[in-house]
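Quick notes on the structure that follows.
Nothing in this text is a laboratory measurement; each read-out follows from the coordinates by a stated rule. What you see is a predicted model; the values in this text were computed from it and never measured. Note that each Cβ is placed from the backbone with ideal geometry, even for glycine, and that neighbours are counted across all protein chains shown.
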Amino acid sequence: MNNHAHGAAYTIAENASLRTRNSFGVEARAALLVEVRRAEALAELMAFARFRTQAPLVLGAGSNILFTRDWPGVVLSLDTRGIEVLDDDGARLQLRVAAGERWHDFVLWSLAKGCRGLENLALIPGTVGAAPIQNIGAYGVEVAEFIVAVEAWDRDTGRLVTLTAAQCAFGYRDSLFKREVERWIVVAVRLALPRQRVLRTDYAGVGEELAAMGVRDPSAAQVAEAVMRLRTRKLPDPAVLGNAGSFFKNPLLATDAARALCARHPGLPCWPDHHGLAKLSAAWLVEQAGGKGLREGDAAVSQQHALVLVNHGNASGAQLWALAERVRAAVQARFGVVLEPEPRIV
């Protein structure tokens, strides 16, 4: 394998293993792996013929991707760093955060600065650049609530552009960047974080966890602590057992259809979604369809959490995907609901 260093702006490696670059820990290789340390280098890189003819696969921390095969083209890894305060009027902090920053580290940074809003999103794996693509969310909060703009390289026009939050077209685990995955490379995210905000403690066990901690009037940091305890208990650690967190999205249904389904299946958790639909618990559906704990070789559905696919060591991406398809088929056969994967499937 040749490794060509071009100054400090980027490095290029041929036939590179991606095993340590995806949280499932599956073996896959990239024809070219380009690590970018400075966003300005994109203009030079995108001028190369290899980049012009085929869209690169942009890889952050690899916590939201499943490789079922090798990647024949370019894998682009943005390792850009930096948190810049653009404005601080006392009431809120306006920030610009580079795509390569680790999301959880940034959440802790924001809490240390006295900001509120991101505490429910603590311990979500991945990078800041991946956050708007997926519109990451947890415990009743979505990152889109705080995004002012996203800076991204536009492959169609060959330049760096700044898109307003409205232009990003955020939805449930969705955005313009996810729908046009080959067009955009997220370079930085601009956020506005309030110093005062009502804490969300009414969602999925957060209040109970705070009570168990003996906390009655929580700070944002204590809400983050409760969320971290919940996540640690529910989700296996990718460093120990390869996984990408929740593998299936909670399905969204028209309210009438959801009501009818809940009437047929008492016990199915269902709650209103702020996009005007009803959200069902994918974990409950998988468990009722017999998916929890299912194992084929080293590919398995976690015993801890029905939404988490895990790699017990040497499962290939193709084996994990075959198991996921089996779970989806079982849920569809029993409930007539098609589950959508949350990670990107390559």
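Per-structure values
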item	result
Above-threshold pairs, the threshold being 23 Å between Cα atoms, out of Lys234/Lys292; Lys178/Lys279; Lys234/Lys279; Lys178/Lys292; Lys249/Lys292	Lys178/Lys292
Whole-angstrom gap from region 57-131 to region 208-227, using each part's C-alpha centre	24
For Arg344, residues with placed amide H under 5 Å, excluding near neighbours	Ile65, Leu66
Rounded to the nearest 20 debye, dipole of the chain from Cβ charges on Lys, Arg, Asp, Glu	440
Residue order, fewest to most surrounding Cβ atoms within 10 angstrom, among Cys168, Cys270	Cys270, Cys168
Cα Rg over Rh - region 3-120, Kirkwood	1.05
Separation between Cα centres of region 286-306 and region 29-43, rounded to whole Å	37
Kirkwood Rh, Cα atoms: Rg over Rh of region 83-194	0.95
Net charge contributed by nearby residues that have their C-beta within less than 13 Å of Ala299 (K/R +1, D/E -1)	-1
Listed residues Arg52, Arg183, Arg37, most fluctuating in the chain (Gaussian network, C-alpha, under 10 Å)	Arg52
Counting DSSP beta bridges with both ends in the chain, the antiparallel % (nearest 5)	85
Estimated vicinal HN-Hα couplings, Hz - region 56-73 in sequence order (Karplus 6.51, -1.76, 1.60; Gly, Pro = x)	x, 8, 8, 10, x, 7, x, 8, 9, 8, 10, 8, 9, 6, 6, 9, x, x
Space enclosed by the convex hull of the alpha-carbon atoms of the chain, per residue, Å³	142
Mean Cα-pair separation over length for region 242-345, i.e. relative contact order, pairs under 8 Å, 6 or more apart, %	31
